[in-house]
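For reference, the structure is listed below as structure tokens.
Taken together, the values in this text are just the output of simple stated rules run on the coordinates, not laboratory data. It should be emphasised that the depicted structure is a prediction, and the values quoted were computed from it without experimental measurement. As a convention, Cβ positions derive from the backbone with ideal geometry for all residues, glycine included, and neighbour counts pool all protein chains shown.
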Amino acid sequence: MNDNDLPVDPQRPCPICGKPALVKFKPFCSKRCADVDLHRWLSGSYVIPATEDDDEDGDSTPAPGGDEDER
Ligand SMILES: [Zn+2]
């Protein structure tokens, strides 16, 4: 039995790009995608939810009444 002879693993598509994963880079299709995943881990993207579009708070919903002084 030599698993490394298998070129791709159709059961498990690459979680990064969705292509058939190479057995050599399981579960990714290439080293590049494996690196992408690794970087996600290192940069904490898996832990911290994406907030790039969120401008902290207050910018999108200003007080409609205009009574900002009287909370
Ligand atoms: Zn991939």
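Worth a mention:
- Other residues lying with their Cβ under 14 Å from the Cβ of residue 31 contribute a combined charge of +2, Lys and Arg counting +1, Asp and Glu -1.
- Computed from label points 7 Å out along Cα-Cβ, the spacing between residue 23 and residue 8 is 1.5 nm.
- Computed over region 3-43, the alpha-carbon pair-distance distribution with 10 angstrom bins reads 37, 48, 14, 1, each value a whole percent.
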